[in-house]
Amino acid sequence: MSRGETERLAIFWPPGSAKSTYASMLYPPWFLGQHPGSTILATSHTYELAEHWGRRARNLVDVHGAKALGIEVDPATRSAGLWLTTNGGQFFAAGVGGAIAGWRADLGIIDDPVRSREDAESKGTQTRNWNWYKYDFIPRLKPQAKRLLIQTRWSEGDLAGMILDDEADKWRVLTLPMEAEDNDPLGRLPGERLWATWFTEDMVTEAKRDPRVWAALYQQRPAPETGDFFQRRWLHPVHKAETPPLNELRIYGASDYATTSTGRNDWTVHVVMGIDTSDRPWVLDLWRQRATTDLWIEAWCRLVKHWKPLSWAEERGQILSGVGPFLDRRARDLQAYTDRQQFTARFDKGIRAQSFRGYIATMGLWYDSHAPWREELEHELLTFPASRHDDIVDGMSLCGQMLDYALMGRKPKKENKKLGHAYRAMRQEPAQHSILTL
């Protein structure tokens, strides 16, 4: 990245592919040589790692800077985590989540913001990293400053996923998977390995033992569409004509209401499900939006009035306590009546989803193949728990808890043919005739 070129670059390469060597060791000295007097803020998941790359970058300037780049390290500042050049350039290292107030940078580098798969998939770590990025890292950058993000993808919800979800149109992304796929940036043929002499056949075979690890860590696709927690073979999209009639379904609903803990507008999900005469679950409707409270309450009321569910599941907690009175009042105004069941959130999301997972593993999950929400539904189920969003899974987990006590649908009673014929004959007689004449 130099002046006039892209301002934000994300590099996603497999472990051991020298991405940090290029971006955190070689690039900072070159940048300071091209932009004398600039300041670099270099961060990593710990200060120690950021300092490590700072030391290697400083040593390069010591050995080659004067001749190759026209810069030298100021002898008064020799710290690996904070050093200056003789022409006013500065390098400052920090850990992700650490204090960086007081600095203003022309280039901000984030190299490996998480240190493990556990951290990458932890909602708490994801939220902390996102808040640090938005409210600490970005304010330390000067106007028109450049940003460089370097990492191996672990989860759709990692910092890279959250940044691209929010700012995708502003970033250039350079992805190099271990095995080339279509339109490879290096011009490799599909299946051709990156650095075949380094990444041996045995290494690839071992990496592929875990499909999630292979897809995320080595191919930089953190959510394999084959499904891990929820299996694709459990999903049954069918033609609309194959869906059961509503009078044979017991209908239920559930909602995952939005929170704002991440500093962004989160998704609210309302899901409507029906249980047919064979005890199979059908997704009948799905509403998912980033919306203010008044909008998702209106949507909830519309769904209740349209589908007339027997019960509706929701999570007991602070959100419900805050909006509950408003929801009750609006439901009465619109005559949107249903039995609302509250469930306490316990354990992590995977454990809470086990009931629903076991149900559809046995009975499948059925829905209209042309439903407008089909793609969102399938993607979130098949990528859970590594997906960036899991609001649909949360809603269905609530529904799953309620369905433990639900009734299966039943066929309506057959019509009494004699009474039916008499009733139809009556409807065809002149108005003065009444049922008493039959």
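The values are calculated or read from the model by the stated rules, or taken from the named source; none is laboratory data. Note that the structure is predicted; figures quoted are calculated from it, not measured. As a convention, Cβ positions derive from the backbone with ideal geometry for all residues, glycine included, and neighbour counts pool all protein chains shown.
What pairs come out if I take residues in the stretch 169-184 that are over 15 Å from residue 214 (Cβ atoms) and pair them with residues that are part of a strand (DSSP E or B) and of a type in the set (Gly, Ala, Ser) whose C-beta lies under 8 Å away, six or more apart or interchain?
171/10; 172/10; 173/10; 174/10
So is residue 195 touching a residue at least 60 places away in the same chain (Cβ under 8 Å), surrounded by fewer than 19 Cβ atoms within 10 Å (Cβ to Cβ) and on the phi > 0 side of the Ramachandran plot or not?
yes
Quick one: residue 169 ticks every box in (1) touching a Ser or Thr at 6+ places or on another chain (Cβ under 8 Å); (2) closer than 24 Å to residue 106 by Cα bar one, so which box is it?
(1)
Here are 16, 54, 37: which of them is without any contact (Cβ under 8 Å) to a residue 40 or more places away in the chain and in the same structural domain as residue 113 (by TED's automatic domain parsing)?
54 is the lone residue from the list that is without any contact (Cβ under 8 Å) to a residue 40 or more places away in the chain and in the same structural domain as residue 113 (by TED's automatic domain parsing).
What do you reckon, is residue 360 among the β-branched types (Val, Ile, Thr) and modelled with pLDDT under 90?
No.
Being over 24 Å from residue 359 (Cα atoms) and outside any helix (DSSP H, G or I) is the filter here; which residues of the stretch 281-293 pass it?
Across the stretch 281-293, the qualifying residues are 289, 290, 291, 292.
When you scan the stretch 39-56, do you find a residue that is more than 26 Å from the chain's Cα centre (by Cα), at positive phi and small (Gly, Ala, Ser), even just one?
No, because not a single residue in the stretch 39-56 is more than 26 Å from the chain's Cα centre (by Cα), at positive phi and small (Gly, Ala, Ser).
Here is a list: 201, 167, 181, 206. Which entry is touching a Gly at 6+ places or on another chain (Cβ under 9 Å), acidic (Asp, Glu), surrounded by fewer than 18 Cβ atoms within 10 Å (Cβ to Cβ) and modelled with pLDDT under 90? Steps first, please.
On the way: 201 fails: touching a Gly at 6+ places or on another chain (Cβ under 9 Å); 167 fails: touching a Gly at 6+ places or on another chain (Cβ under 9 Å); 206 fails: touching a Gly at 6+ places or on another chain (Cβ under 9 Å).
Criteria check complete, one pass: 181.
Hey, among the residues in the stretch 132-148 that are in a strand (DSSP E or B) and of a type outside the set (A, V, I, L, M, F, W, C), which one's nearest to residue 118 (Cα to Cα)?
Here the residue is 147.
Identify all residues within the stretch 308-339 that are charged (D, E, K, R) and surrounded by fewer than 18 Cβ atoms within 10 Å (Cβ to Cβ); write none if there are none.
308, 316, 328, 329, 330, 332, 333, 339
For the stretch 253-277, what are the residues that are at pLDDT 85 or above, among the small types (Gly, Ala, Ser) and over 18 Å from residue 352 (Cα atoms)?
Answer for the stretch 253-277, where residues must be at pLDDT 85 or above, among the small types (Gly, Ala, Ser) and over 18 Å from residue 352 (Cα atoms): just 274.
Sort out for me the strands (runs of 3 or more DSSP E) sitting completely within the stretch 294-388 that have 1 or more residues that are under 17 Å from residue 268 (Cα atoms).
In the stretch 294-388, 311-316, 339-344 are the strands (runs of 3 or more DSSP E) which contain 1 or more residues that are under 17 Å from residue 268 (Cα atoms).
So residue 43 clears everything in (1) modelled with pLDDT of 95 or more; (2) over 16 Å from residue 108 (Cβ atoms) except one condition, right? Which one?
Residue 43 satisfies all of (1) modelled with pLDDT of 95 or more; (2) over 16 Å from residue 108 (Cβ atoms) except (2).
If you go through the stretch 108-158, how many residues are touching a helix residue (DSSP H, G or I) at 6+ places or on another chain (Cβ under 9 Å), basic (Lys, Arg) and surrounded by fewer than 23 Cβ atoms within 10 Å (Cβ to Cβ)?
So the answer is 4.
Regarding residue 66, is this residue without any contact (Cβ under 8 Å) to a residue 24 or more places away in the chain and at positive phi?
Spelling it out, it is not the case that residue 66 is without any contact (Cβ under 8 Å) to a residue 24 or more places away in the chain and at positive phi.
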